[in-house]
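All remarks here apply to the structure that follows.
The values are calculated or read from the model by the stated rules, or taken from the named source; none is laboratory data. In this text, all values refer to a predicted model and were calculated from it rather than measured experimentally. Cβ placement follows ideal geometry from the backbone for every residue including glycine, while neighbour counts extend to all protein chains displayed. SASA here: full protein model, heavy atoms, side chains in, ligands and nucleic acids out. Shrake-Rupley method; radii C 1.70, N 1.55, O 1.52, S 1.80 Å.
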Amino acid sequence: MTEYNFKKIKPFSFDNQLFIKVFFFVLLMFSSFLFAQQKPKKAKANLKHADFITRNPDRFEGNQFLTGNVAIEYKGDMIYADSAVLYQDKNLAVAWSNAKLVSKDKTITAKKMEYDGQTTIAKAFENVVLTDPSSRILSDYMEYNRTTEIAIGIGNVDVKTPTQQIYADKMIYERLTGNIIVNDTYRTIGSDGTMVEGKNVIYNVKEKSTTFGSEVFITNKDYTIYSRKMTTNDITGITTFRDYSKITRRDDPSQYIITSDGDFNKKTGEAWLRNNSKVYYQNKILSAEKLYFNDKTGFGRGEKNVVLDDPLEKRILKGDYGEAYRYLDSAYVTKNAYAIKSFDQDSLYISADTLLAVKRHDVDSTSIVKAFHKARFYKSNANGKADSLIYNQTKGVMQFYKDPIMWSGDSQVTGNFMEAYTNAKTEKIDSMKVFNNAFVIAKVDSLVENEYHQIKGKYLTVLFHDDKIDFVNVEENAVALTYMDDTDEKTKQKERYGVNISYCGIIEADVVGNEVELIACRVKSDGKMYPLSKFPEELRYLPDFKWRIGERLNTWKDIFVESK
């Protein structure tokens, strides 16, 4: 008997790494095979009806030729036509003569149509019309993707919506988003007659809004609009601007709005503007960081850096808040408010808590600026303050109310009420009148603290020459205190020899530099000359004397400095 030497076989163990790798590889391949077997087949286009079916091996690659009330179905979509060929191998239907595709809530009609079941793309040729609940699109050629629901129309595209009729050479319609995209020339006519022309446009039929990515021109019965970038909404009537834009009134092209960031409601005429936009009206320019303007009512309101420029009046109003009224031809500014009236060789600066500019068309077209509370003004030859002032630009008259004060050089004038007059030729203040408690003070010597020429009375008239006070006339209860000088003939030096006090009904005096010389003292005149060494100290200052030179405005910027 033959003996066989059997080796001991090791039991199976999962420690065998090679076996594990092979096992999982086989399992993976088997799973892939099963999934591949379960993958659904592509849906096929199916013939539902045809009056006549013929087949010619030499035509249409041997596929059936269908005529008469042809109906082909693909995944719920229906294709209708008078004639068609169904390419079964290609899953392609070609239909012509009254071709129609009905898919969900839309239809496409054309002279000829191809429907590819592989790509789910329908191609329509000649007299193409796509209709859905929100729009109707006509074109020479169209491709429609059933899966993405995107239609591309090319050639003589005409889109009709409840609010728009759009014309373009090429268009993309995304039904899921509602976007109609035109990258080339775009033209629309709205239901209200508004015409829009532009490029790079997206119109959303759901929201009835349009986004313009480049230049666009809009014309309606009231306005023309040009913009480099903007959006419109047919429902709200609001246009939003995001780049340089201009809105112009058709009945008056001189009235328009310039903005690069704002909203405009074409229905109400209201505009909400930002970033120093400008409103041009009645030859004026209103601008601000934040601006509201109603073109129909003519009311405008600005916040922060408000500027109202009136070139015809050569005047600018500025402040941090302002309002303008076109039909009243008036405006006011407040919060750091000031006005600049420009002359050919000089300027007048006025500041106050509130400034009001108005033109009185009912009388003589007089232009007036009113400054209320803490009013200050500066001009090259005079400056001053009052609680309020009124400046009549037409007549060149400034009126000062409540504690007015004016300086010219080192001379100070006060009273209960003042009027200053500007010479139309020289454009400078050439005279002024002071009513009640009129008082003129002039420093005698800048090196001597307590010496002042003083003239006071009930009424005062001041004349200017070479930008300085030249002549003073005081009436009623007039009194003058003047320091008298004499010139040494040898040394030509001036020597003060006394102080003169005069009481008169009328006083006339010349002012030359720091010198005041009485030239007339009429009507019940009385007075006394005191040697300088014997001048009583109690008479050094006339009643109500108050030297306020520290409040003088030395530059135009001092109109913003609070009183000391």
*Which order do peptides 246-258, 313-325, 101-113 fall in by mean Cβ count within 10 Å, highest first?*
313-325, 101-113, 246-258
*Calculated FRET efficiency for the pair F435/S134, C-beta based, R₀ 51 Å, to 0.05*: 0.10
*Excluding R326 itself, what net charge comes from residues whose Cβ is under 9 Å from its Cβ, given Lys and Arg +1 and Asp and Glu -1?*
-1
*Tally Lys and Arg at +1 and Asp and Glu at -1 over the other residues with C-beta under 15 Å from the C-beta of L539: what net charge comes out?*
-1
*Sum of -39500 (n - 2.57) over DSSP H runs of 4+, divided by residues of the chain (222 nm, nearest 500)*: -1500 deg cm²/dmol
*Can you give me the relative contact order of the stretch 60-158 as a percent, contacts being Cα pairs under 8 Å and 6 or more apart?*
16
*For T188, what is the net charge nearby, where nearby means another residue's Cβ is under 13 Å from its Cβ and Lys, Arg count +1, Asp, Glu -1?*
0
*All aspartates and glutamates inside 20 Å of K221 as judged from Cα atoms, apart from same-chain residues fewer than 8 positions distant*: D192, E197, D234, D251, D252, D263, E270, D295
*Could you give the angle, 0 to 90 degrees to the nearest 10, between helix 17-38's Cα long axis and the longest principal axis of the Cα atoms of the chain?*
90
*Fully extended, how many nm does the chain gain between Y541 and D510 (0.36 nm per residue separation, minus their Cα-Cα distance)?*
9.1 nm
*Please tell me the relative contact order of the stretch 423-564 in percent, rounded to the nearest whole number, where contacts are Cα pairs under 8 Å and at least six residues apart.*
17
*How would you rank 413-420, 341-348, 234-241, highest first, on the average number of other Cβ atoms within 10 Å across their residues?*
413-420, 234-241, 341-348
*Which label marks the calculated value of Rg/Rh (Cα atoms, Kirkwood Rh), given the options (i) 1.42; (ii) 0.97; (iii) 1.15?*
(i)
*In whole percent, what relative contact order does the chain give with Cα contacts below 8 Å and a gap of six or more residues?*
4
*Quick one: pull the percent of accessible area on the stretch 409-564 belonging to carbon and sulfur, 1.4 Å probe, ligands and nucleic acids left out.*
49
_Counting each pair of different Cα atoms once, what's the Kirkwood radius of the stretch 233-331 in Å, rounded to one decimal?_
13.3
*Full-stretch length increase - F343, D488 - with 0.36 nm per residue and alpha-carbon distance subtracted*: 47.7 nm
*Can you send over the carbon and sulfur percentage of the accessible area for the stretch 41-92, probe radius 1.4 Å, protein chains only?*
48
*Which FRET efficiency value, to the nearest 0.05, is calculated for K524 and Y325 with the Förster distance at 51 angstrom and r the Cβ-Cβ distance?*
0.40
*Going toward the positive end of the dipole of the chain, with +1 on Lys and Arg Cβ and -1 on Asp and Glu Cβ, which of N145, S533, G237 do you reach last?*
N145
*Summarise the accessible area of the stretch 121-219 (1.4 Å probe, protein heavy atoms) by the percent that is carbon and sulfur.*
51
*Where the chain is the region considered: accessible area per residue in Å², 1.4 Å probe*: 54
_So if I place +1 on the C-beta of Lys and Arg and -1 on the C-beta of Asp and Glu, and nothing else carries charge, what would the dipole magnitude of the chain be about its Cα centre? I want it in debye, nearest 20._
2820
